[in-house]
Each structure stands twice: as structure tokens, then as C-alpha cells.
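Below is a structure I'd like to ask you about.
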């Protein structure tokens with residue numbers, strides 16, 4: 001699995017469209033590091049197709065989160081939770097869970113501390129964790145708890161000798177690999 005992740009991460013970096021998308025967001029993050037620019041939120045949403053409805057409301061919400069810069073800088077999972085919830089954007093009666101977007105946002109600001117949650121990756125890791133009995137009581141709902149998800153990623157890193165690789169390398173390699181597997 002180590003070789004697969006490294007191979008697909010390299011393929012990600014060799015893909016002009018994928019590399020350019022990441023570079024575009026990285027440029028925006030450097031330009032607007034303090035979480036006060038709503039354009040950055042629009043950019044991540046459109047490039048990564050996170051399907052956030054009410055993007056302006058979410059962007060305004062992000063600009064009002066107290067100490068968000070500190071939370072992200074410290075790799076605190078509360079940064080993800082603060083973006084993911086509390087925005088008051090609802091689907092009928094329930095607030096929408098923007099976990100995927102929140103992890104992408106935090107990851108672009110601190111890639112060393114925040115692996116990206118993606119539905120395809122979650123399903124793949126869930127099956128792997130079940131098969132290998134990493135977490136006997138694992139559920140899909142539990143995988144949507146970001147702290148737990150990050151623990152699963154860390155177990156994956158350890159299991160496949162990827163602890164010296166960044167979350168970003170694993171994100172890119174795993175995402176592209178799982179995407180290719182889903183096409184088959």
C-alpha cells in the first residue's frame with residue numbers, strides 16, 4: 001500500500017489540472033491567511049466541488065469564528081468542528097454537516113495537522129479498518145467524527161509505513177487511488 005500511495009501522490013502532482021487547482025488555493029491561502037476573506041471560501045468550494053449550499057453564509061460564519069487562526073495553527077480539531085457546524089445553513093430542519101469542506105479549509109491552512117475527509121476515502125478506510133479490525137466498533141457515523149477519522153488515518157500511516165509522509169501526500173495518493181478504483 002505504501003508504494004501505491006506514493007505512486008498516486010506523484011501522479012497527482014504530475015497532473016496539470018490537479019496540481020494547478022492545489023496551487024491556486026495555496027496562493028489564495030497565502031494571500032488571505034487570517035480567515036477574513038470570503039473569496040477564499042468560494043474558491044475552495046468551487047475547485048473541490050464540496051457542494052456547499054449557502055456558501056456566502058458559510059463564508060461569513062468562518063470570518064466570525066473566534067481564534068480560528070490559533071485553532072488551525074495548533075492543529076486543534078475544534079477548528080474543523082467550528083466550521084463544520086454552527087453556520088445555521090439547513091436542509092429542511094437539520095443543519096448541514098460541512099465536514100468535507102471544513103477539513104479541506106483547515107488542511108490548506110495547516111496541511112501538517114489536518115488530513116482531508118472525503119466520502120470516497122471514508123468508505124475505503126472504513127472497509128479497511130473493519131477488515132483489519134483496527135477499531136472493532138467502527139461505524140460510518142463514527143468516521144464522521146473528525147478526531148476519530150484522523151486516528152484512522154494515523155493508523156493507516158503506521159500500518160503501511162507512511163508515518164514519515166505528510167497528510168497531504170497521503171491525501172493526494174489515497175484520493176487519486178480510490179477515485180481510480182471506483183472507476184473500475
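From the square roots a ≥ b ≥ c of the eigenvalues of the alpha-carbon gyration tensor of the stretch 101-184, which class results: rounded (a/c under 1.5), prolate (a/b over b/c), or oblate?
rounded
Where does each of 61, 85 land when they are ranked from fewest to most other beta-carbon atoms within 10 angstrom?
Lowest count first: 85, 61.
So how tilted is helix 146-159 from the main axis of the chain? Cα-based, degrees 0 to 90, rounded to 10.
Helix 146-159 sits roughly 30 degrees off the main axis of the chain.
Please give the helix 16-31 orientation as an angle from the longest Cα principal axis of the chain, in degrees from 0 to 90, rounded to the nearest 10.
Roughly 40 degrees between the two axes.
Consider the candidate values [x] 1, 6, 9, 12, 12, 11, 11, 10, 9, 6, 4, 3, 2, 2, 1, 0, 0; [y] 2, 5, 6, 5, 5, 4, 4, 4, 3, 3, 3, 3, 3, 3, 3, 3, 3, 3, 3, 2, 2, 2, 2, 2, 2, 2, 2, 2, 2, 2, 2, 2, 1, 1, 1, 1, 1, 1, 0, 0, 0; [z] 1, 8, 16, 21, 21, 16, 11, 5, 1, 0; state which one is P(r) over Cα pairs in 5 Å bins from 0, in percent computed from the structure displayed.
This structure yields the entry labelled [z].
Along the Cα-to-C-beta direction of residue 63, a point sits 7 Å from the Cα; which residues of the stretch 2-34 have their amide N less than 17 Å from that point?
Within reach of a label on residue 63: 29, 31-34.
Any chance you could run the full-extension gain for residue 164 through residue 85? It's 0.36 nm times the residue separation minus the Cα-Cα distance, nm to one decimal.
Between residue 164 and residue 85, full extension yields an extra 25.3 nm.
Rounded to the nearest 10 degrees, what's the angle between the helix 38-48 long axis and the longest principal axis of the chain, both from Cα atoms, 0 to 90?
Orientation of helix 38-48: about 30 degrees from the principal axis.
Pairs of Cα atoms under 8 Å, at least six residues apart: use those to get the relative contact order of the chain, whole percent.
27
Could you please rank 143, 1, placing first whichever residue has the fewest other Cβ atoms within 10 Å of its Cβ?
Least crowded to most crowded, the residues run 1, 143.
First check a/c for the stretch 53-159, with a ≥ b ≥ c the square roots of the eigenvalues of its C-alpha gyration tensor; if it is under 1.5, answer rounded, and if not, answer prolate when a/b is larger than b/c or oblate otherwise.
oblate
Counting other C-beta atoms within 10 Å, which of 107, 15 has the fewest, and how do the rest follow?
Ranked by crowding around the Cβ, least crowded first: 15, 107.
Once R0 is set to 45 Å, what does the formula 1/(1 + (r/R0)^6) return for the Cβ-Cβ distance between residue 78 and residue 11, expressed as a FRET efficiency to the nearest 0.05?
0.85
If you don't mind, there's one more thing I want to ask. With n ≥ 4 as the cut-off for DSSP H runs, can you work out [θ] at 222 nm for the chain, using -39500 (n - 2.57) per run divided by the number of residues, rounded to the nearest 500?
-20000 deg cm²/dmol
Quick note: the coordinates plus some simple rules give every number you see, no bench work behind them. Please read all numbers here as calculations on a predicted model, not as lab measurements. Neighbour counts are summed over all protein chains in view; Cβ atoms, including those assigned to glycine, are modelled from backbone coordinates with ideal geometry.
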